[in-house]
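The values are calculated or read from the model by the stated rules, or taken from the named source; none is laboratory data. Because the structure is predicted, anything quoted here is derived from the model rather than measured. Heads up, the Cβs are rebuilt from the backbone with ideal geometry, glycines too, and the neighbour counts pull from every protein chain shown. Quick note on the areas: whole protein, heavy atoms, side chains included, nothing else; ligands and nucleic acids left out. Shrake-Rupley method; radii C 1.70, N 1.55, O 1.52, S 1.80 Å.
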Amino acid sequence: MQLRMKVVKGKPQGHCLSFPVGEFMFGRGPECDVRPNSDLVSRQHCLLQVAGERALIRDLGSRNGTLINGQLVAGEQVLSNGDTLQIGPLVLEVLMECETNLGDVSMKDTALVDQDETTTNQPILTDTREAPSPLSPQKSEPTSAKPD
């Protein structure tokens with residue numbers, strides 16, 4: 001399983017973070033893997049664990065809490081496809097995919113682009129907006145006939 005989280009509120013909105021199997025800390029501290037730039041986020045806010053076919057989120061005693069679908073996380077909570085994860089002002093949509101269906105770049109291949117809101121040590125962002133297909137017809141520029 002590959003876990004992705006799409007930024008639905010915050011910057012860079014519409015981009016996705018990809019998480020392979022492992023543990024990833026969210027918070028403002030330099031040791032964190034995902035660092036939302038907000039005073040509403042604790043230095044070590046929450047921990048994401050991706051293992052096998054499931055993903056867990058655990059709040060690390062953050063001041064403002066971690067929310068799943070608007071509910072405060074107590075202890076560990078299993079994430080499901082379509083859940084929303086809120087960490088301070090940052091809201092992410094959980095997207096779980098089978099590894100055979102991956103078309104995105106792995107975490108190690110790309111870095112987060114917009115460091116004004118969120119920075120990462122490991123997880124990457126991929127643009128989920130559709131690019132024009134090279135096979136789709138392109139609009140041609142009108143040509144003007146030159147008089148002889």
Which numbered condition trips up LEU125, out of (1) closer than 14 Å to VAL7 by Cα; (2) modelled with pLDDT of 50 or more; (3) in contact with a Cys (Cβ under 7 Å, 6 or more places away or on another chain)? (2)
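Identify the residue in region 86-101 that is in a strand (DSSP E or B) and open to solvent by 40 Å² or more (accessible area, probe 1.4 Å) and, among all such residues, is modelled with the lowest pLDDT.
Within region 86-101, the match that is modelled with the lowest pLDDT is GLU97.
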